[in-house]
Amino acid sequence: MKRGSGTFSAAEKVPDPLFTLGYDSGYTFAVKTAISIPDEVYRAAERVARKLRVSRSRLYAEAIREFVSRTEGRNVTEKLNEVYAKRPSRTDPILARLQWASLEREEW
């Protein structure tokens, strides 16, 4: 908001008067959004939500959280692969012998 103008730009969030007064509505802060998904995905999600006895919102939030976690995990793996691709990946010969010696012998 420009000082003294009383208006907010599109990029600024208008402050919630209840929040600024310290009012606790009992709800967690969340963002509402509308999404479009195929009918079959919606029906499957409804079945899972009923089976798990959770709300649709919770089901979607958990699914998105899991997807984000997996996606971020891939980025970590990709970065580690880049780092290790630059160095030879050989096992120390002494360590290799110790590993073989620690394995149980069994008949095939």
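The values are calculated or read from the model by the stated rules, or taken from the named source; none is laboratory data. Please read all numbers here as calculations on a predicted model, not as lab measurements. Because the Cβ atoms are built from the backbone with ideal geometry, glycine has one as well, and the counts that use them run over all protein chains shown.
Data overview
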read-out	value
Output for region 44-57, where each listed residue is closer than 15 Å to ALA30 by Cβ and surrounded by fewer than 12 Cβ atoms within 10 Å (Cβ to Cβ)	SER55, SER57
GLU66 vs. criteria modelled with pLDDT of 90 or more and not hydrophobic (A, V, I, L, M, F, W, C)	yes
Among residues of region 58-104, those that are surrounded by 10 or more Cβ atoms within 10 Å (Cβ to Cβ) and not in a helix (DSSP H, G or I), counted	0
Test: GLU107 is at pLDDT below 85, in a loop (DSSP other than H, G, I, E, B) and of a type outside the set (Lys, Arg)	yes
